[in-house]
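Trainee: This is the structure I have questions about; it appears just below.
Taken together, the values in this text are just the output of simple stated rules run on the coordinates, not laboratory data. Keep in mind that what you see is a predicted model, and the values were worked out from it rather than measured. Methodologically, a virtual Cβ is constructed for each residue, glycine included, from the backbone with ideal geometry; neighbour enumeration extends over all protein chains shown.
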Amino acid sequence: MHVPVQAIDREIWRDGVASEGARLIPEETPLALTYNGGTYAVMMGTPQNLEDFAVGFSLDEGIVRSVDDVKSLDVVRLDDGIELRMWLAPDEAARINERRRHIAGPTGCGICGIDSIAAAVKPAAVVPHGQTFTAQQVMTAMQAIAPLQSINMQTRAVHAAAFWSPSNGVAALREDVGRHNALDKLAGALARSRTDASAGMVLLTSRVSVEMVQKTAAIGAPVLVAVSAPTALAIRTAAAAGITLIAIARSDGFEMFTHQGRISAHHAPEIIDVVA
């Protein structure tokens, strides 16, 4: 099925009492990314915002350097999955043929199929200094995303990645059963809308692994905020990339691990959020 949410019948046993009813469950679908007729990767993901996912994955993987390098993009729905067919310029196609891989990625896989340790821990892009934020803005941003997670409100089973700026609030939010997919979708949405990522923060409802830092650096956002803790490698990578890494973000505060100078203690004005 190619809808993002399914209603599934189940039996409930709670407090010694049995009952029946339907529960909303997120869909998980094979997503094949193809370039100029050849399959590069097969990932498991939520069948929603697929154009954003295709562009964001291509940018974050370094397959293309700009959204303009994707000359055409078709979403082809098949019986057993969805194919995201992209066509690149001949020189880009020749470059990708040298590193083509055929992988079946489990849900949330960030570096499936990488064939060397060096490729897995490659240095992230260095971000510009960008915007400076207040501590209140960080908390305001994180509090704004929960009401906008439509699939998660139905299922309680998906991740979200969002982009927040002082001028626009939550400008984009994308959801997926895979946390890496959600961030790829966000990257694609920002690239397709020509959003200047240096003016805002990337927000995650997941933990922070090194791949999430690498993807944020590729987006060009100076601040990454997450609800869960980072890994040690993620902290080192964020420090080298110039990213302010904030984690364990709650309604009453957060913890900063790198480049703390972008965050001040001054009070921020109230922001009204509009999501794309």
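Trainee: On each of the three principal axes of the Cα atoms of the range 133-264, give max minus min coordinate, whole Å, ordered largest first.
Mentor: The principal-axis extents, from largest down, are 36, 31, 30 Å.
Trainee: Under 20 Å from a label point 7 Å along Cα→Cβ of Asp68: give me every residue in the range 192-213 with its amide N that close.
Mentor: 192-198
Trainee: Find the relative contact order for the chain and round it to a whole percent, using C-alpha pairs within less than 8 Å whose residues are 6+ positions apart.
Mentor: Relative CO of the chain lands at 19 percent.
Trainee: Below 8 Å between Cα atoms, with a sequence gap of 6+, how large is the relative contact order for the range 121-257 in percent?
Mentor: RCO, the range 121-257: 27 percent.
Trainee: Tell me, Trp164, Trp13 in order of fewest to most beta-carbon neighbours within 10 Å?
Mentor: Result, fewest neighbours first: Trp13, Trp164.
Trainee: Order these by the 10 Å Cβ neighbour count, fewest first: Ser264, Ser209.
Mentor: Ser264, Ser209
Trainee: Ok, one more. With the dipole of the chain worked out from charges on the C-beta (+1 for Lys and Arg, -1 for Asp and Glu) around the Cα centre, which of Tyr35, Ile263, Met212 lies farthest toward the positive end?
Mentor: Result: Ile263.
Trainee: For a protection proxy built on the mean count of beta-carbon atoms within 10 angstrom, sort 228-239, 43-54, 210-221 highest first, please. Please report the intermediate quantities before stating the final value.
Mentor: On the way: 228-239: 18.4, 43-54: 23.4, 210-221: 25.7.
Sorting 228-239, 43-54, 210-221 by mean packing, highest first, produces 210-221, 43-54, 228-239.
Trainee: Using the Karplus equation 6.51 cos²θ - 1.76 cosθ + 1.60 (θ = phi - 60°), what ³J(HN,Hα) coupling, rounded to whole Hz, does each residue of the range 47-62 give in order, writing x for Gly and Pro?
Mentor: x, 8, 6, 6, 5, 4, 4, 4, 5, x, 4, 4, 6, 5, 7, x
Trainee: Efficiency by 1/(1 + (r/R0)^6): what FRET value for Ser19 and Glu255, r their Cβ-Cβ distance, R0 = 35 Å, to the nearest 0.05?
Mentor: 0.25
Trainee: Can you show me the helix-derived [θ] at 222 nm for the chain, built from DSSP H runs with n ≥ 4 at -39,500 (n - 2.57) apiece and divided by the number of residues, rounded to the nearest 500. Before the final figure, lay out the partial values.
Mentor: On the way: 8 runs with 74 residues, N = 276.
Result for the chain, helices only: -7500 deg cm²/dmol.
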